[in-house]
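Taken together, the values in this text are just the output of simple stated rules run on the coordinates, not laboratory data. It should be emphasised that the depicted structure is a prediction, and the values quoted were computed from it without experimental measurement. Because the Cβ atoms are built from the backbone with ideal geometry, glycine has one as well, and the counts that use them run over all protein chains shown.
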Amino acid sequence: MMWRDAAVDDIVARSMVARIATISRNGRPHVNPLYFVVEHDHVHLGTATYTLAAHNVRANSQVQVLFEIESAPADRRLVRMDGRATVRTEPELLRRYRNRVARKYMATPAGLANLASHPREWRPMRRHLQGGAACVIDLEATSVELISQPASGAARR
């Protein structure tokens with residue numbers, strides 16, 4: 001990864017959701033939380049071709065992505081990545097993405113418990129994953145910044 005910094009790697013590895021900010025053709029911002037995996041120098045965010053995030057990336061490839069450690073609210077650090085994104089639908093990339101997502105999110109005790117407690121969601125999820133609408137937003141970061149959020153309750157100006 002181009003962002004080889006121990007603190008950045010730690011935050012990205014422990015983050016479960018990436019928040020991608022995109023800009024529409026008419027300049028309106030949009031933020032969307034997405035599952036993600038890291039592969040080499042790229043962050044792959046899963047979505048569908050019909051989503052606003054995918055439409056916006058096709059219109060303007062400049063994006064910003066935030067990572068935070070949701071399981072550790074006291075850890076106020078964030079990673080902000082700026083870069084260029086592309087919408088990709090190649091079957092081999094989608095297969096690799098799905099395999100990594102399954103290991104990261106589902107093949108864990110909490111993931112298996114979540115799947116078991118929501119059986120009505122299995123069929124729609126499988127249709128979405130196997131359907132022709134699946135895509136990956138492929139982010140190649142051009143800058144990476146480690147930032148700290150102000151403590152909650154801190155005075156804001």
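A simple packing score, the average count of other Cβ atoms within 10 Å per residue, orders the peptides 94-101, 142-149 as 94-101, 142-149, with the highest score first. A dipole drawn for the stretch 1-103 from +1 and -1 charges on Cβ atoms has a positive end, and of H30, L78, T51 the residue lying farthest that way is T51. Take each peptide in 24-33, 44-53, count the other Cβ atoms within 10 Å of every residue, and average; sorted highest first, the result is 44-53, 24-33. Averaged over residues, the count of other Cβ atoms within 10 Å places the peptides 57-65, 9-17, 71-79 in the sequence 57-65, 9-17, 71-79, highest first.
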